[in-house]
1. Per residue, how much accessible surface does region 211-325 expose to a 1.4 Å probe? Answer in Å², no decimals.
2. For region 350-408 and region 184-204, what is the separation of their C-alpha centers, rounded to whole Å?
3. Taking H placed 1.01 Å from N in the peptide plane, check which residues at least 5 places from residue 83 or on another chain put their amide H under 5 Å from its amide H.
4. Label residue 353 and residue 499 with points 7 Å out from Cα along Cα→Cβ: what is the distance between them in nm?
5. I want to check the label-to-label distance for residue 155 and residue 432. Put each point 7 Å from Cα in the C-beta direction and report it in nm to one decimal.
6. Would you work out which of 509, 494, 483 lies farthest towards the positive end of the dipole of region 461-512, given +1 charges on the beta-carbon of Lys and Arg and -1 on that of Asp and Glu, about the Cα centre?
7. Determine, at each q value in 0.13 (inverse angstroms), the log₁₀ of I(q)/I(0) that the Debye formula gives when each Cα of the chain is one equal point scatterer.
8. For n ≥ 4 DSSP H runs only, could you compute -39500 (n - 2.57) per run for the chain, divide by its residues and tell me the 222 nm figure to the nearest 500?
Amino acid sequence: MSVFLSLLSLTASALASSQIPFSSPPPSAATPLTLPTTCYGLTAVSRSIDLGGSLTRTTTTYSLEQNRRCSTWLVGVQGQEGFVEAWESNEGQPKAELELVRVGRTAANTTYYTLTPSSSSPTIALSSVLSHQSTALPATLPQTAEAVSLLWSDDLLSPIAFLSDDERTKITEYKVRIKTPSPRILSVKGPEGFETVHSKGQAGATFLAKASVVGLGPQVASVHYVQPEAIASFRSLHRLLEVSHWGSNLAVMDSIDLFNAGPLLSGHFARIDHQKLAMQRRTNALAISSLSFVLPPRASSPYFYDIVGNVSTSNFRPSSSGSTGFELPSAKKGKKANNKNAATSLLEIKPRYPLMGGWNYTFTMGYDVPLQDFLKTRKEDGAYVLAVPFLTPVKDIAVDDVVVEIRLPEAARNIKVHLPFSVDSLSYPTSAPAYWGTTEGYTKTYLDSTGRPTITLARKDCGDRHGGLVIIEYTASPLLDLFQKPVAIATFFSTLVLAIVGAKRIEWGIGK
């Protein structure tokens, strides 16, 4: 499957149905929520938590039983609103992805979703990716420390915190399993209402409810474990994408604030100690020395610079010239990878200095890709359909604050935006620009006259699963698209020539 056909199938499936999730900004948390009726009751809950550095992955499996003549199940997710997806599995049938419809978020930090299972006794798996769920303990370490240890602590009953005691009566089994990145676990503490199962040398622990969960308050458990790698996170990421019809190019630029979220460095940094640890291959546990970004196959002209200037400690591995079949990780949900011959590009960067705990490094990276890999023209009405990634996901790295700007060609009108997930804010121009002065929602760059329509998105608490495609529909008049820039340039130079001619005809000397 080619790059273009992959985009065609993706956009066609997304635009063929009106049930595109999160096509508008979510309601405010202060708005009172009217929760719909739920048609299913819980009979068993099993939760798996994969601990790591800046990201924590959870999968909660709910066994349901239909108790009303309707087909909607209401579920609440307590705490941080990270990446969430749902799957349904029934006996004798393959696992199927379910659409999550966001109802809203309450003041108690609970986000509600509705699902529509296909059977009366389904098993629903709810997966989420959360950021910064573990804290460094101890909070400071010397440069020569051998490892970083983190402390995770949470309420084991958070998956059912939205249920009343009457709704909990039918839950006969409740289990929580914790997985750690290494078998080096320093301590495990369980609450009174749960039995703790943990063996020495085991990379994890299991908590089993001793009796009914009815009437139980918060059941806080904690795991103190060793993290084998440095804890990298992006405090901010500002992405700028510029679409050029003239150059048939999509330019991508990311401004990133990289931060080491591990324990703070105590004492001074010594380069000689760093070199000694590098020879012993122990620097990865405390310092961030490099990062790798997976880029589209036909990415070209990469760059990497910081406030000082160009950084030469980088390596770009382009894909083979004939490689096709690139898909973003978020576009592969529910699919089996069949693009064995696909080869992505890889950009490896090294900061000017190793990042110890509490240190940060601000840099900018970017690249160009052919526009035809991400843009198509709809035959029915001639409208353009653009699909661009919200961000370039980096495995196991949290992104605290993301701002994405998408600059369309000057002739773009009738803009519609479809989002792969909810965002905190979304803005784009809905009216034509003014030919004199500036208009809100338009950005003027090189050789622009009225300015480019700019779509701005913002979201907090992102992770490596937020690489979904933002689908944008717009129209562009062929005459305006082709001749606006040449006419603007010709007008500028004509005005300049006329000004020079007029200036020469004026007598600038002092009359006698």
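The values are calculated or read from the model by the stated rules, or taken from the named source; none is laboratory data. Everything numeric here is computed off the predicted structure, so don't read it as measured data. Reconstructed Cβ throughout: ideal geometry from the backbone, glycine too, with neighbour counts over all protein chains shown. Each accessible area value is taken on the protein alone, full model and side chains, heavy atoms only, with ligands, DNA and RNA left out. Shrake-Rupley method; radii C 1.70, N 1.55, O 1.52, S 1.80 Å.
1. Averaged over the residues of region 211-325, the accessible area is 49 Å².
2. 40 Å
3. Long-range HN contacts for residue 83: 129.
4. Each label point lies 7 Å from its Cα, and together they span 4.7 nm.
5. Reported label-point gap for residue 155 and residue 432 is 5.5 nm.
6. 509
7. -1.38
8. Estimated from H runs of four or more residues: -3500 deg cm²/dmol.
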